[in-house]
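Colleague: Take this structure first; my questions come after.
The values are calculated or read from the model by the stated rules, or taken from the named source; none is laboratory data. Note that this is a predicted model, so its numbers are computed, not measured. When we count neighbours, we look across all protein chains shown, and the Cβ atoms used for this are built from the backbone with ideal geometry, even at glycine.
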Amino acid sequence: MEARIVTLPGDYIGPEIMREAVKVLTRVAEKYGHSFTFEEHALGGASIDAYGEPLTTETLAACNAADAVLMGSVGGPKWDGVPANVRPEKGLLALRKGMQVYANLRPCRIHPQLAGACPLRPDIIREPIDIMILRELTGDIYFGKRFRSEDRTQATDEMAYSVAEVERLARIGFEMAGKRRGKLCSVDKANVLECSRLWRETVQRLSKEYPQVEVSYMYVDNAAMQLILRPSQFDVMITGNLFGDILSDESAAIAGSLGMMPSASLGDGTRGLYEPIHGSAPDIAGRDIANPLGTILSGALLLRHSLGLEQEAAAIEKAVSEVLDAGYRTPDIYSEGTEKVGCIRMGDLVTERI
Ligand code: NAD
């Protein structure tokens, strides 16, 4: 197949990890007979330096014309002094909004080889953990009206959801659960919040269209606890923006290594934005020690969700797993008895195994 992929390396370690991800995707194209075109654009600090703004209309247009977008990471101390409205992170928010990606996917998988990095007791993670957290990204209390009383002693943030917003997110969740282990857990606070009651009613109504998916409902406080007590019970979790923000970071802590975690943001259609969950790691930039696996695994999500290339996506995930099995580690996931490698070498090792 032919596909146009826009790459946005971003700042500090961004270009280093992006090079490795492109290397891996190029190898996938070669091996499976696809033709991927990579078109690089500046985002964040790199775009501020080149054009005076963190996201140009040209870059956004290129992203919206591509089949998929792969991003590194943006921001860092170099741009700390710039005015708030042109900060690098503004570019990322504008990009998500401009691409209309409303569903944020955060897989949480504990690689058995890295179980030592998981803060949970070994008996809790004995059963395999493979959770997909699906967070609504463009609604909820983050986008509602804000109010502060004149005397500054009272504040209000409005939480709002529409049936349409819940439905489009939930559909992605049901479809995804159908392709995975067939279990969907919808997380809300329906015992208290009206938005959550609307959320739950909508999911209950939709569930009739997906009889093959087993649905459960959980209050968010219990979900936060269950993620720690028995994470293996979850397959796909769907939740709103606020609860998802918190639960997805909790799940990242469970997986134990920031440098390994990919993410995808999807809207209507197949175009998506893919990025590792970590930042630009200014403290280690330019030293060939960044972990490129979060970006490489984001590339696998890109193949799966935007290009429909499941076999190729699985090949990347298998290659990463094999490299870890063989004992290779970047410094952030290094432990005694394993072999320390740099960012470039890690990219090469994954590439060689595809
Ligand atoms: P960070 O994620 O960049 O770094 C936190 C710690 O994790 C650092 O010690 C770093 O060295 C380490 N780390 C992160 N990614 C790594 C990798 N791939 N390999 C090895 N080690 C890695 O978070 P921060 O220091 O709070 O933020 C730095 C900058 O990144 C800030 O400007 C922040 O705003 C920005 N940021 C951007 C994004 C994004 O682009 N999506 C996300 C978070 C933070």
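Colleague: Pick from segment 33-55 the residues that are without any contact (Cβ under 8 Å) to a residue 12 or more places away in the chain and under 18 Å from Pro9 (Cβ atoms): which of them is nearest to the ligand (Cβ to nearest atom)?
Modeller: Asp49
Colleague: Ok, one more. Run down Glu201, Glu175, Glu167, Glu150 and say which single residue is of a type in the set (Asp, Glu), part of a loop (DSSP other than H, G, I, E, B) and assigned by TED's automatic domain parsing to the domain that holds Tyr217.
Modeller: Glu150
Colleague: Go through Asp80, Asp140 for me and flag whichever is over 24 Å from Met261 (Cβ atoms) and over 17 Å from the mean Cα position of the chain (by Cα).
Modeller: Asp80
Colleague: Which residues, counting only those in segment 5-19, are assigned to a helix (DSSP H, G or I), more than 18 Å from the chain's Cα centre (by Cα) and within 11 Å of the ligand (Cβ to nearest atom)?
Modeller: Glu16
Table: residues versus (1) out of contact with any Lys or Arg (no Cβ under 9 Å at 6 or more places or on another chain); (2) within 17 Å of Arg96 (Cβ to Cβ); (3) of a type in the set (D, E, K, R); (4) surrounded by fewer than 10 Cβ atoms within 10 Å (Cβ to Cβ).
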position	(1), (2), (3), (4)
Asp123	yes, no, yes, yes
Glu127	no, no, yes, no
Leu137	no, yes, no, no
Asp140	yes, yes, yes, no
Ala155	no, no, no, yes
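Colleague: Specify the residue that is surrounded by the most Cβ atoms within 10 Å (Cβ to Cβ); the eligible residues are those in segment 281-331 that are within 10 Å of the ligand (Cβ to nearest atom) and farther than 14 Å from Cys343 by Cα.
Modeller: Within segment 281-331, the match that is surrounded by the most Cβ atoms within 10 Å (Cβ to Cβ) is Pro282.
Colleague: Given (1) assigned to a helix (DSSP H, G or I); (2) closer than 28 Å to Glu317 by Cβ; (3) under 23 Å from the mean Cα position of the chain (by Cα); (4) modelled with pLDDT of 95 or more, identify the lone condition not met by Leu92.
Modeller: Against the list (1) assigned to a helix (DSSP H, G or I); (2) closer than 28 Å to Glu317 by Cβ; (3) under 23 Å from the mean Cα position of the chain (by Cα); (4) modelled with pLDDT of 95 or more, Leu92 comes up short only on (4).
Colleague: Got at least one residue in segment 252-262 being among the hydroxyl-bearing types (Ser, Thr, Tyr), part of a helix (DSSP H, G or I) and more than 30 Å from Asn64 (Cα to Cα)?
Modeller: no
Colleague: Scanning segment 58-81 for residues that are among the aliphatic types (A, V, I, L, M) and not in a helix (DSSP H, G or I), which turns out farthest from the ligand (Cβ to nearest atom)?
Modeller: Taking the candidates together, the pick is Ala66.
Colleague: For segment 229-237, state whether one or more residues are of a type in the set (Asp, Glu), more than 16 Å from the ligand (Cβ to nearest atom) and in a loop (DSSP other than H, G, I, E, B).
Modeller: Scanning segment 229-237 turns up at least one residue that is of a type in the set (Asp, Glu), more than 16 Å from the ligand (Cβ to nearest atom) and in a loop (DSSP other than H, G, I, E, B).
Colleague: Which of the residues that make up segment 222-247 are in contact (Cβ under 8 Å) with a residue 40 or more places away in the chain, farther than 13 Å from Ser186 by Cβ and within 15 Å of the chain's Cα centre (by Cα)?
Modeller: Hits for segment 222-247 are Asn241, Asp245.
Colleague: Okay, moving on. Going by what's in this entry, would Arg87 be described as within 16 Å of the ligand (Cβ to nearest atom), surrounded by fewer than 22 Cβ atoms within 10 Å (Cβ to Cβ) and within 21 Å of the chain's Cα centre (by Cα)?
Modeller: So Arg87 fails the test.
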